[in-house]
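Written below as structure tokens is the structure these notes are about.
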Amino acid sequence: MSKKLFIETLGCAMNVRDSEHMIAELSALEGYELTDDASTADLILINTCSVREKPVHKLFSELGVFNKLKKSDAKIGVCGCTASHLGKEIIKRAPYVNFVLGARNVSKISDVLHRDKAVEIEIDYDESLFAFKDFRSSPYKAYINISIGCDKQCTFCIVPKTRGDEISIPADLIVAEAQKAVECGAKEVFLLGQNVNNYGRRFSGENDKMNFTELLRRVSRVEGLERIRFTSPHQLHMDDEFIEEFARNPKICKSMHMPLQSGSSEILKAMKRGYTKEWFLNRARKLRELVPDVSISTDIIVAFPGESDADFQDTLEVMEQVKFEQVFSFKYSPRPLTEAESFTNVVDSELGSFRLSTLQAYQDTILDSISAALLGKEMEVYFEELRSDGYIAGRSDNNIMVKVKGSEELLGKIARVKITETSRSVQYGEIIA
Ligand code: SAH
Ligand code: F3S
């Protein structure tokens, strides 16, 4: 009988891909197969996130639960960003944990499995040329890493300390992965990195020079591939050439993530984001001009140290001007190893919560008018998921979630849909071709 692996993945798309890599290695080299019941598993992995404080607290309570319900000889491993920054502290606080594997050391999963109490968290470890075995959780969409780490030093962010410096993966490897995904039936690839359009800044090899715009052109030449998405780009690197390629290339999906963080130039400076409110608005305007159908998503942090009412109003003003199709908003959470952790001009926690709910309520009013305008519109939807309520869900080119009544025959197909009912987060429609 094969051994069973239970894996819980928290955090971002990069963690999802890291988990796929670990599943692939453990299944090919160690004979594991996936289970969604932790109590029957021989190995329990938690792939953690440390971007905000809450998920870190949750980790130790979850570990306690897993330790109680697991089989007596089952192993527990903690992976991901919290593993990177807490390291052996995790085993100190939860001595039953068998190993700790950092976000930059995923390729060592089979190795740590056989070394009890192993802690592998080197953040300058170079995995950019490692050939992982294959595993994909969806046959329709393939996540592909294009770089690891992040070279920015945003003062609120722990990621550069958990994932290390940025290294790009050579384009040939990325294109080969895209080809393989298409051969296995995927129509869409999702290129992943902490800062994708900074691609090409540093490679392990010497002759791999290429920037993100060129990489997009190369990937789009993969035959049979119909859709390219990517996350996360950074507006600082959105030069005209990049936006023009984005506009012109029919395979590139027309949805862009522009992580604003704050609309106040003062706060952006304190965050060391490298752009101003005006630069952000300029890039968003250029994008909307060249790509009228584009949907723009963003990340916003409220109550960063020093944020005044006027700074917060600046953020709301950018939201009013850009009219983001999607906003991920967070209350600032001080993180260890970051510069902002020592900032003393903290914003009162209740005021932070008030700002967060004000911002979210404001975004809801924007979303109501965006979704109302979708009624009667037609769009091409790529169907990826059969829901238990009898609906099939998919996404339009510009990332609108659409559900239609239908059967699994639609899975993996692109069809033209007319929107018949709208809501804030999901649109309903019927197939017209
Ligand atoms: N390069 C990635 C950033 C990963 S972190 C990207 O651009 O998406 C994802 C988001 O978490 C950030 O954009 C930011 O909005 C939020 N975040 C990061 N650190 C945070 C902190 N200390 N407190 C609150 N939110 C934070
Ligand atoms: Fe974090 Fe800024 Fe990089 S948000 S991941 S340091 S671009």
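Here are a few things to note about the model shown:
- Among beta bridges from DSSP that stay inside the chain, the antiparallel ones total about 30%.
- Nonpolar atom fraction for segment 1-44, defined as the carbon and sulfur part of the 1.4 Å probe accessible area, stands at 52 percent.
- Over the C-alpha atoms of segment 121-262, the Rg to Rh ratio, Rh being the Kirkwood estimate, stands at 0.95.
- The loop-placed trypsin sites (Lys or Arg not before Pro) in segment 337-413, going by DSSP, that have at most 16 neighbouring Cβ atoms within 10 Å of their Cβ come out as 377, 387, 413.
- Cα gyration tensor shape for the chain, rounded if a/c is under 1.5, else prolate or oblate: rounded
- Here the spin labels are modelled as points 7 Å beyond Cα on the Cα-Cβ line, and at residue 131 and residue 244 they lie 3.8 nm apart.
- At least 27 Å along the helix axis (C-alpha) and Kyte average at least 0.0, DSSP helices within the chain: 349-372
- Each helix, a run of at least 4 DSSP H residues, gives -39500 (n - 2.57); summed and divided by the residues of the chain, these come to -10000 deg cm²/dmol at 222 nm.
- Annotation: per residue accessible area for the chain equals 44 Å², rounded to a whole number [probe 1.4 Å, protein chains only].
- For residue 237, the accessible surface of its heavy atoms amounts to roughly 50 Å² (probe 1.4 Å, protein chains only, rounded to the nearest 10).
- Most fluctuating residue given options 29, 411, 356, as computed from a GNM of the chain linking Cα atoms under 10 Å: 29
- Segment 3-120: C-alpha gyration tensor shape, a/c 1.5 cut-off, then a/b vs b/c: rounded
- Nearest-0.05 FRET efficiency for residue 69 and residue 407, computed from C-beta distance (R0 45 Å): 0.75
- Cα gyration tensor shape of segment 255-373, rounded if a/c is under 1.5, else prolate or oblate by comparing a/b with b/c: prolate
- Surface accessible to a 1.4 Å probe, residue 421 within the full protein complex, Å²: 100 Å²
- For residue 164, distant residues with modelled amide H under 5 Å away: 150
- Distant-in-sequence amide contacts of residue 199, defined by a placed amide H-H separation under 5 Å and a gap of 5 or more residues or a different chain, comprise 212.
- Note on the chain: with a GNM built from Cα contacts shorter than 10 Å, the maximum mean-square fluctuation among 332, 391, 199 falls on 391.
- Separation of the residue 308 and residue 39 label points, Cα + 7 Å toward Cβ, nm: 5.8 nm
- Sequence of 72, 128, 349, 423 when ordered by accessible area, the most exposed leading, probe 1.4 angstrom: 72, 349, 423, 128
- Using a Gaussian network model of the chain in which every pair of alpha carbons under 10 angstrom is joined by a spring, one finds that among 31, 77, 263 the greatest mean-square fluctuation is at 31.
- Once both labels are positioned 7 Å from their Cα atoms along Cα-to-Cβ, the gap between residue 341 and residue 372 label points is 4.7 nm.
- Of 130, 6, 383, 343, the residue with the largest accessible area leads and the full order is 130, 343, 6, 383 (1.4 Å probe).
- The chain, relative contact order in percent, only Cα pairs under 8 angstrom and at least six apart counted: 10 percent
- Efficiency of FRET from Cβ geometry, residue 217 and residue 110, R₀ 30 Å, rounded to 0.05: 0.25
- Dipole moment magnitude, nearest 20 debye, segment 335-410 about Cα centre, only Lys, Arg, Asp, Glu C-beta charged: 140 debye
- Put 3, 209 in order of accessible area, highest first, and with a 1.4 Å probe you get 209, 3.
The values are calculated or read from the model by the stated rules, or taken from the named source; none is laboratory data. Just so it is clear, the model here is predicted, and its values are computed rather than measured. Cβ sites come from the backbone with ideal geometry, for glycine too, and all protein chains shown count toward neighbours. Surface areas here come from the heavy atoms of the whole protein model, side chains and all, with no ligands, DNA or RNA. Shrake-Rupley method; radii C 1.70, N 1.55, O 1.52, S 1.80 Å.
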